[in-house]
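*Asks:* Got a structure here, written out as structure tokens. Questions coming.
The values are calculated or read from the model by the stated rules, or taken from the named source; none is laboratory data. As the structure is a computational prediction, the values presented were derived from the model and not from experiment. As a convention, Cβ positions derive from the backbone with ideal geometry for all residues, glycine included, and neighbour counts pool all protein chains shown.
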Amino acid sequence: MLRRAAGAAARLGSRRHLTTSTARGGTKPYDVVVIGGGSGGIACARESASLGARVAVLDAVSPSPQGTSWGLGGTCVNVGCIPKKLMHRAARLGDAFGVLGSALGWPSVPDKAPAHDWPALSSSVTSYVRSLNFGYRSALQKEGVDYINAFGQLGPCADDGSFVVACTAPTDESDSDAEEPLPDLVASSVVVATGTRPVLPSEDDLPGVSSLAITSDDLFSLRESPGRVLVVGGGYIALECAGFLRGLGLPVTVVHRSDRFLRAFDSDASRAVVQDLTARGVQFRTGLSLSAITSEASHAGKPKMVRARNAETGEEVSLGEFDTVMFAIGRQPLSPSRFGAQNAGVETAGGRVTGGHAWPGHKLCELSSHVPESSTCPGVFAVGDVLQGSSELTPVAIQQGVRVARLLNQAGWKYGASRATEDPASATAFSLDGLDLGGLGMEVEPSQRAPPSRPTPAPWQLAVPPPVDPTLVPTAVFTPAEYACVGLSEEEAIRQYGQDGVEVVWSKFDDLEARLASQHAWRPHGEPGSLAKVVARREEPWNVLGFHLVGPEASEAIQGFAMALRAGVTLPDVASCVGVHPTLSEELVSAHVTRRSGADPTKSSC
Ligand code: FAD
């Protein structure tokens, strides 16, 4: 992670440069200013630039309460998908040192499996993430996007339809009010892509929590092993972290206020995931909310005693002593005032931008009657996690970012200030020349205003993709037994179509590795660990509503099923599809036991 001190030189350099350029060139209108350089913001900025727009992207990170900060790229790259997946892989590799490895001929002694080296993993992950930060910076520069390491705050819409975006540079002081003002930007359109951050309970509810607990924002860059870990929460981030920490050999307890995990997902699949984690040694404590964290030290690095209260009886129990307490109880955007929602009349709910507004008389709305990314203020859009109702996933943020860029392109980038007023003298006002990139010691060339020449895109590559349909978004939970799905859960399908309107075909089984391992007593016999489920309409033509798969590498299998769902696949199509043997995904096309039949879906042989 980019520690705050490491970024100081770059920011100072940036401020000097900006001041000089502004004295020379003044402010200049951009076609698009993107506030937030994560998955959605960067996708929007790059696509807009490739379509010929003048674009700036502002990105800055408010440090976590533990002081962790990072570089360009947003949550996914720095504290989300990428470090998480690498740690998941590290944990899965560890399985090879157990009974499974020795059953397959690798010399290993189950009781003396090599201890995992956390500092080595953390250091590899951090270096890789830094290389991605650098890659984004240089890609933006090459593609003609002005990147500014600053917080952006929208101002009111001017009479000519343009917006002023106030910029402030983060400082190294812990006082976040001490930000340094930079010159304002002027933009025809603004895209808000400010994402979300993990939630911690308030100090009133849990005294000491902000100094004694961490979140996923801190976990991936810990220099020392987190030791005995208490994970608080029951969503996918909680279970994924519990899974890889346990896989790396650490004692892990998960405490959750209910006994329903992965609430938005299919409950059979969720049970299979929790059962597999339990078999691997994760302790689950349910129906409890944390009531006290105490420690002799006042920071997160020392052992802590944790107590919890039973949600029903109010009785308080001790959960024991832990080295790390990690909260994964949900995510929220930063306060909307941070990006200036109130100044431009952008309405929000629960901190998220409410989307889908029609702007009568605006060209964009003629192009598309439904623009879920449009805010209440014409000319201001939102993409990614900050957009209310959006599935909080990287590919969704990217798709929305590309969509908004192409919509604006088709509308001629017409919101207020026009490109005709451009002052060529100011064209490089925000270039990155001479900056030390976040302590990496790398100098970059001045930014190139003209985007590099590219192969001419085919017409379909310029088409505006339809709004993202959340019922067709595939996703995966990267627990040791991965859970991948697309479409409706069985519960949601029944809610929409009624019990009699839904057909479920399913299978419970052990994958090849688990069968082999169970013969060697690694895994207790009992409920099989993997699950395949197809949820469909119970009427002609038996349209499939959802696919669910639990097992090793399930995430790799779901993409094709997502395509089939989008194309309107039916149960007869699925049943007549020839499987690939021996794989996990063949179970989705070979499952034939219907829930309605009441028959046991457990498969006893290959
Ligand atoms: P972000 O990527 O969060 O980017 C927003 C950026 O804006 C941040 O850099 C922020 O600091 C900056 N910012 C905020 N306010 C301002 C301001 N006023 N001015 C300037 N900059 C500002 N998704 C998947 O698809 N697959 C996964 O496996 C997956 N795993 C995840 C694991 C974890 C632990 C977490 C936390 C998330 C995971 N996600 C995953 C979700 C994914 O990371 C997010 O959906 C995605 O990053 C959202 O992108 P975004 O552009 O909306 O926001």
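*Asks:* Could you please find all residues in the stretch 310-333 being of a type in the set (S, T, N, Q) and under 19 Å from Thr294 (Cα atoms)? Lay out the reasoning, then the answer.
*Replies:* Taking the stretch 310-333 and keeping what is of a type in the set (S, T, N, Q), we get 310, 313, 318, 324, 332.
Residues satisfying the conditions are Asn310, Ser318, Thr324.
*Asks:* What residue, among those in the stretch 179-194 that are in contact with an Asp or Glu (Cβ under 8 Å, 6 or more places away or on another chain) and among the hydroxyl-bearing types (Ser, Thr, Tyr), is surrounded by the most Cβ atoms within 10 Å (Cβ to Cβ)?
*Replies:* Here the residue is Ser189.
*Asks:* Of all residues in the stretch 275-301, count the ones that are over 19 Å from Glu203 (Cα atoms) and touching a Ser or Thr at 6+ places or on another chain (Cβ under 9 Å). Give the steps one after another, and end with the answer.
*Replies:* Of all residues in the stretch 275-301, those over 19 Å from Glu203 (Cα atoms) come to 275-287.
Filter once more, so that each one left must be touching a Ser or Thr at 6+ places or on another chain (Cβ under 9 Å): 276-277, 282-287.
So the count comes out to 8.
*Asks:* So which residues in the stretch 397-410 are modelled with pLDDT of 95 or more, more than 7 Å from the ligand (Cβ to nearest atom) and among the aliphatic types (A, V, I, L, M), if there are any at all?
*Replies:* Ile398, Val402, Val404, Ala405
*Asks:* Filter the stretch 302-332 down to the residues that are more than 30 Å from Val386 (Cβ to Cβ), modelled with pLDDT of 95 or more and among the aliphatic types (A, V, I, L, M) and list them by number.
*Replies:* Met305, Val306, Ala308, Val317, Leu319 - these are the residues of the stretch 302-332 that are more than 30 Å from Val386 (Cβ to Cβ), modelled with pLDDT of 95 or more and among the aliphatic types (A, V, I, L, M).
*Asks:* Separate question: Among the residues of the stretch 312-324, write down those that are farther than 16 Å from Asp205 by Cα, more than 16 Å from the ligand (Cβ to nearest atom) and either among the β-branched types (Val, Ile, Thr) or outside any strand (DSSP E or B) (or both). First the steps, then the outcome.
*Replies:* From the stretch 312-324, those farther than 16 Å from Asp205 by Cα are 312-313, 315, 317-324; that's our starting set.
Going one step further and asking which of them are more than 16 Å from the ligand (Cβ to nearest atom), we end up with 312-313, 315, 317-323.
Within the stretch 312-324, Glu312, Thr313, Glu315, Val317, Asp323 qualify.
*Asks:* Based on this model, can you work out whether Val386 counts as closer than 20 Å to Thr75 by Cα, within 16 Å of the ligand (Cβ to nearest atom), crowded, with 16+ Cβ neighbours inside 10 Å and modelled with pLDDT of 95 or more?
*Replies:* Working: closer than 20 Å to Thr75 by Cα: yes; within 16 Å of the ligand (Cβ to nearest atom): yes; crowded, with 16+ Cβ neighbours inside 10 Å: yes; modelled with pLDDT of 95 or more: yes.
Yes.
*Asks:* Being more than 16 Å from the ligand (Cβ to nearest atom), under 29 Å from Leu86 (Cα atoms) and not in a strand (DSSP E or B) is the filter here, so list the residues in the stretch 475-500 that pass it.
*Replies:* Of the residues in the stretch 475-500, the ones more than 16 Å from the ligand (Cβ to nearest atom) are 487-500.
Still in the list and also under 29 Å from Leu86 (Cα atoms): 487-489.
Result: Leu488, Ser489.
*Asks:* Which residue, of Leu104, Leu100, Leu72, is crowded, with 22+ Cβ neighbours inside 10 Å and aliphatic (A, V, I, L, M)?
*Replies:* Working: Leu104 fails: crowded, with 22+ Cβ neighbours inside 10 Å; Leu100 fails: crowded, with 22+ Cβ neighbours inside 10 Å.
Exactly one residue qualifies, and that residue is Leu72.
*Asks:* Scan the stretch 357-372 and give yes if some residue there is in a loop (DSSP other than H, G, I, E, B) and either at pLDDT 95 or above or within 16 Å of the ligand (Cβ to nearest atom) (or both), otherwise no. Walk me through it before giving the result.
*Replies:* Taking the stretch 357-372 first, the residues in a loop (DSSP other than H, G, I, E, B) are 357-362, 368-372.
From what's left, either at pLDDT 95 or above or within 16 Å of the ligand (Cβ to nearest atom) (or both): 372.
Yes, the stretch 357-372 contains at least one residue that is in a loop (DSSP other than H, G, I, E, B) and either at pLDDT 95 or above or within 16 Å of the ligand (Cβ to nearest atom) (or both).
*Asks:* May I pose another question? Consider Ser604 carefully, then state whether it is loosely packed, with under 12 Cβ neighbours inside 10 Å and outside the structural domain of Trp542 (by the TED database).
*Replies:* On the way: loosely packed, with under 12 Cβ neighbours inside 10 Å: yes; outside the structural domain of Trp542 (by the TED database): yes.
Criteria met by Ser604.
*Asks:* Restricting the stretch 26-39 to residues that are of a type in the set (A, V, I, L, M) and more than 15 Å from Ala411 (Cβ to Cβ), which is nearest to the ligand (Cβ to nearest atom)?
*Replies:* If we filter the stretch 26-39 for residues that are of a type in the set (A, V, I, L, M), which is where we start, we get 32-35.
From what is left, the residues that are more than 15 Å from Ala411 (Cβ to Cβ) are 33-35.
Numbers: Val33: 10, Val34: 9, Ile35: 5 Å.
So, considering only residues that are of a type in the set (A, V, I, L, M) and more than 15 Å from Ala411 (Cβ to Cβ), the one nearest to the ligand (Cβ to nearest atom) is Ile35.
*Asks:* For Trp106, which of the numbered conditions (1) in contact (Cβ under 8 Å) with a residue 12 or more places away in the chain; (2) aromatic (Phe, Trp, Tyr); (3) assigned to a loop (DSSP other than H, G, I, E, B) fails to hold?
*Replies:* Here Trp106 meets the rest and fails (1).
Yes/no per residue for (1) surrounded by 20 or more Cβ atoms within 10 Å (Cβ to Cβ); (2) at positive phi; (3) in a strand (DSSP E or B):
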{"site": "Asp217", "(1), (2), (3)": "yes, no, no"}
{"site": "Pro226", "(1), (2), (3)": "yes, no, no"}
{"site": "Ile237", "(1), (2), (3)": "yes, no, no"}
{"site": "Asp259", "(1), (2), (3)": "no, no, no"}
{"site": "Val273", "(1), (2), (3)": "yes, no, no"}
{"site": "Leu290", "(1), (2), (3)": "yes, no, yes"}
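*Asks:* Next question. If you go through the stretch 54-87, how many residues are polar (S, T, N, Q) and within 7 Å of the ligand (Cβ to nearest atom)? Spell out how you get there, then give the answer.
*Replies:* Let us first name the residues in the stretch 54-87 that are polar (S, T, N, Q), namely 62, 64, 66, 68-69, 75, 78.
Among the residues that remain, those that are also within 7 Å of the ligand (Cβ to nearest atom) are: 62, 75.
Looking only at that region, the number is 2.
*Asks:* All but one of (1) surrounded by fewer than 19 Cβ atoms within 10 Å (Cβ to Cβ); (2) of a type outside the set (S, T, N, Q); (3) farther than 30 Å from Lys508 by Cα hold for Lys304; state the number of the condition that does not hold.
*Replies:* Of the numbered conditions (1) surrounded by fewer than 19 Cβ atoms within 10 Å (Cβ to Cβ); (2) of a type outside the set (S, T, N, Q); (3) farther than 30 Å from Lys508 by Cα, the odd one out for Lys304 is (1).
*Asks:* Output yes when any residue across the stretch 40-53 is over 29 Å from Pro552 (Cβ atoms), more than 8 Å from the ligand (Cβ to nearest atom), in contact with an Asp or Glu (Cβ under 7 Å, 6 or more places away or on another chain) and outside any helix (DSSP H, G or I), and no when none is.
*Replies:* yes
*Asks:* What's the number of the condition Ile82 fails, among (1) among the aliphatic types (A, V, I, L, M); (2) free of Cβ contacts under 8 Å to residues at least 60 places away in the same chain; (3) buried (at least 23 other Cβ atoms within 10 Å of the Cβ)?
*Replies:* (3) is the only condition that Ile82 fails.
*Asks:* If we keep just the residues of the stretch 325-338 that are under 14 Å from Gly233 (Cα atoms) and more than 10 Å from the ligand (Cβ to nearest atom), which is surrounded by the fewest Cβ atoms within 10 Å (Cβ to Cβ)? Steps first, please.
*Replies:* Narrowing the stretch 325-338 to residues under 14 Å from Gly233 (Cα atoms): 325-331.
Narrowing the set further to residues that are more than 10 Å from the ligand (Cβ to nearest atom) leaves 325-327, 329-330.
On the way: Val325: 25, Met326: 27, Phe327: 22, Ile329: 19, Gly330: 13.
Looking at residues that are under 14 Å from Gly233 (Cα atoms) and more than 10 Å from the ligand (Cβ to nearest atom), I get Gly330.
*Asks:* Something else: If you take just the helices (runs of 4 or more DSSP H) that sit entirely in the stretch 501-606, which of them hold at least 1 residues that are touching a helix residue (DSSP H, G or I) at 6+ places or on another chain (Cβ under 6 Å) and touching a residue at least 40 places away in the same chain (Cβ under 8 Å)? First the steps, then the outcome.
*Replies:* Working: elements: 512-519, 554-566, 571-575, 586-590.
Fully inside the stretch 501-606 and qualifying: 512-519, 554-566, 571-575.
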